[in-house]
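Read through the structure below, which is laid out as structure tokens, and then see the notes.
The values are calculated or read from the model by the stated rules, or taken from the named source; none is laboratory data. Being a predicted model, the structure only gives us computed values, none of them experimental. Heads up, the Cβs are rebuilt from the backbone with ideal geometry, glycines too, and the neighbour counts pull from every protein chain shown. Surface areas here come from the heavy atoms of the whole protein model, side chains and all, with no ligands, DNA or RNA. Shrake-Rupley method; radii C 1.70, N 1.55, O 1.52, S 1.80 Å.
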Amino acid sequence: HNLGGGFQQGRIINIIAGTGAGKTTHVRELIKHWIFHTELKPTIVSLEETAAQYSLGLLQSYLKENFVWGRQGQDIVDMLRGEKYVKAMKELKYTEEGAPRYFIIDERSGSIGNIEDKMEEMHKKYGSKLFVIDVLSDLLRGRNADLAEDHMNFQREFVKDGVTIVNVMHTIKIPLGQDGRPRQVTEYDALGTGSFVQSAAYNIVLNRDKMEDNKIMQNTTEVGLPKGRGSKTGIAGYWYFDFDTQTCYDLEDYKENNPHMFVGED
């Protein structure tokens with residue numbers, strides 16, 4: 001609603017949140033939507049997880065099943081050989097015609113230049129027009145300002161070809177307020193050079209109070225849109241993460257479908 005129907009193609013989008021706010025979880029929901037409901041084939045630049053780990057997270061959300069909880073490595077491997085999981089992973093990874101739904105660049109130790117070359121290759125050779133860098137802050141961490149600015153220039157030029165880039169971004173350490181809890185994150189708290197925030201067409205900020213006693217609120221993320229070209233800025237919704245299904249829901253939808261979770265003032 002705030003975006004007027006969705007992101008415009010050929011733009012830079014920043015998703016900004018503090019540690020533990022659920023950035024990757026929410027981005028997986030976006031990717032799941034894109035691969036099943038659009039013609040886009042996202043390329044995920046995974047800098048925190050291996051390709052296998054990232055696909056496993058997508059599979060849990062796709063099946064709405066937290067099958068990793070309480071299991072160790074070999075137990076998970078054996079379970080995934082079952083017919084149900086083999087079939088689901090195939091549905092997740094490939095279309096009915098056998099074409100890949102998404103790509104993952106697993107370059108956690110690669111240089112910025114190597115990753116940029118891979119992104120260009122995925123665009124020119126495989127026709128990918130949507131790139132998710134998860135997490136951009138990890139790619140630039142410890143680099144000098146010139147390298148960060150060079151990469152920003154690369155992104156600006158890259159989107160001129162009609163490519164969309166989603167940057168998942170960490171924040172600085174957020175100071176505590178008078179109540180002893182961190183204040184809310186803003187777009188200006190994003191780690192790295194300020195040009196990333198300034199150059200983006202959309203800045204989306206996620207806030208979650210991990211110390212909240214109420215479990216519903218503890219797992220609810222407030223979504224803010226402080227910058228959106230041609231969009232309505234402001235609060236853009238509340239998303240609830242359900243641990244058992246490893247899936248995010250609009251809070252109002254979840255409340256409507258689970259009234260037993262919302263009893264009395266709680």
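For region 212-266, report the % of Cα-Cα distances exceeding 16 Å.
Summing the P(r) of region 212-266 above 16 Å gives 49 percent of all pairs.
To the nearest Å, what is the center-to-center distance of region 181-256 and region 84-139, using C-alpha atoms only?
25 Å
Looking at the square roots a ≥ b ≥ c of the eigenvalues of the Cα gyration tensor of region 37-76, which shape do they give, rounded for a/c under 1.5, prolate if a/b is larger than b/c, or oblate?
Oblate, because a/c is 1.5 or more while a/b does not exceed b/c.
Can you tell me the accessible area per residue over the chain, all protein chains present, probe 1.4 angstrom, in square angstrom?
Per-residue value: 54 Å².
At a probe size of 1.4 Å, how large is the accessible area of L176, to the nearest 10 Å²?
120 Å²
Given the C-alpha atoms of region 1-94, compute the convex hull and give its volume per residue in Å³.
Enclosed volume per residue, from the Cα hull, is 137 Å³.
Find the Cα radius of gyration of region 47-157, compare it with 2.2 N^0.38 Å by division, and give the number to two decimals.
Computed over Cα atoms of region 47-157, the ratio equals 1.29.
How high is the relative contact order of region 108-266? Use alpha-carbon pairs under 8 Å, at least six apart in sequence, and give a whole percent.
Rounded, it is 13 percent for region 108-266.
Working only with C-alpha atoms, what are the Rg and Dmax values of region 173-266, expressed in angstrom?
According to the Cα coordinates of region 173-266, Rg and Dmax are 15.6, 47 Å.
How much of the accessible area of the chain, in percent, comes from carbon and sulfur atoms when a 1.4 Å probe is used?
49 percent
Please name which of A99, Y85, I44 has its Cα lying farthest along the dipole of region 44-114 towards the positive end, using unit charges on Cβ (Lys, Arg +1; Asp, Glu -1) and the Cα centre as origin.
The Cα lying farthest towards the positive end belongs to Y85.
Whose amide H sits under 5 Å from the amide H of G237, counting only residues 5 or more places off or on another chain, with H placed in the peptide plane?
Close amide H contacts, sequence-distant or interchain: V223.
What order, most packed first, do the peptides 2-12, 63-73 have when packing is the mean number of other Cβ atoms within 10 Å of each residue?
Highest-to-lowest ranking by the protection proxy: 2-12, 63-73.
Can you bin region 193-237 into rounded, prolate or oblate? Criterion: square roots of the alpha carbon gyration tensor eigenvalues sorted a ≥ b ≥ c, rounded for a/c under 1.5, prolate for a/b above b/c, oblate for the rest.
Here region 193-237 falls in the oblate category.
As an exercise, find the ratio Rg/Rh for region 1-47 from alpha-carbon atoms, using the Kirkwood inverse-distance average for Rh.
0.96
Taking H placed 1.01 Å from N in the peptide plane, check which residues at least 5 places from V135 or on another chain put their amide H under 5 Å from its amide H.
Placed amide hydrogens put L47, E48 under 5 Å from V135.
Say a paramagnetic label sat at a point 7 Å from the Cα of H1, along Cα to Cβ; which residues of region 210-251 have their backbone N under 17 Å from it?
Residues 221-226, 231-240, 249-251 qualify, since their backbone N sits under 17 Å from the label point.
Let me cross-check I13: its accessible surface, 1.4 Å probe, with only protein heavy atoms counted, in Å² to the nearest 10?
0 Å²
With the dipole of the chain worked out from charges on the C-beta (+1 for Lys and Arg, -1 for Asp and Glu) around the Cα centre, which of Y240, G194, N258 lies farthest toward the positive end?
Working it through, the farthest residue towards the positive pole turns out to be G194.
What do you get for trypsin sites (Lys or Arg not before Pro) in region 184-230 restricted to DSSP loop and a cutoff of at most 16 other Cβ within 10 Å of the site's Cβ?
For trypsin sites (Lys or Arg not before Pro) across region 184-230 that sit outside H, G, I, E and B with at most 16 neighbouring Cβ atoms in 10 Å, the list reads K210, R229.
With each label point set 7 Å from Cα along the Cα-Cβ vector, what nm distance links L147 and E97?
With each label point 7 Å from Cα toward Cβ, the separation is 4.1 nm.
Within region 203-232, find all residues whose amide N lies under 17 Å from a label point positioned 7 Å from the Cα of D179 along Cα-to-beta-carbon.
207-223
Report relative contact order for region 51-200 in percent, whole number only (criteria: Cα-Cα under 8 Å, sequence separation at least 6).
17 percent
Taking just the alpha carbons, could you work out the radius of gyration and Dmax for the chain, both in angstroms?
18.9, 57
Take the cross-link list K32/K129; K160/K227; K23/K210; K32/K125; K41/K125; K32/K160 and give me the ones stretching past 18 Å between alpha-carbons.
K160/K227; K32/K125; K32/K160
What residue among I15, H26, W69 has its Cα farthest toward the positive end of the dipole of the chain, where the charges are +1 on Lys, Arg and -1 on Asp, Glu, each on the Cβ?
Highest projection toward the positive end goes to I15.
Which percentage, to the nearest 5, of the DSSP beta bridges contained in region 44-176 is antiparallel?
10 percent
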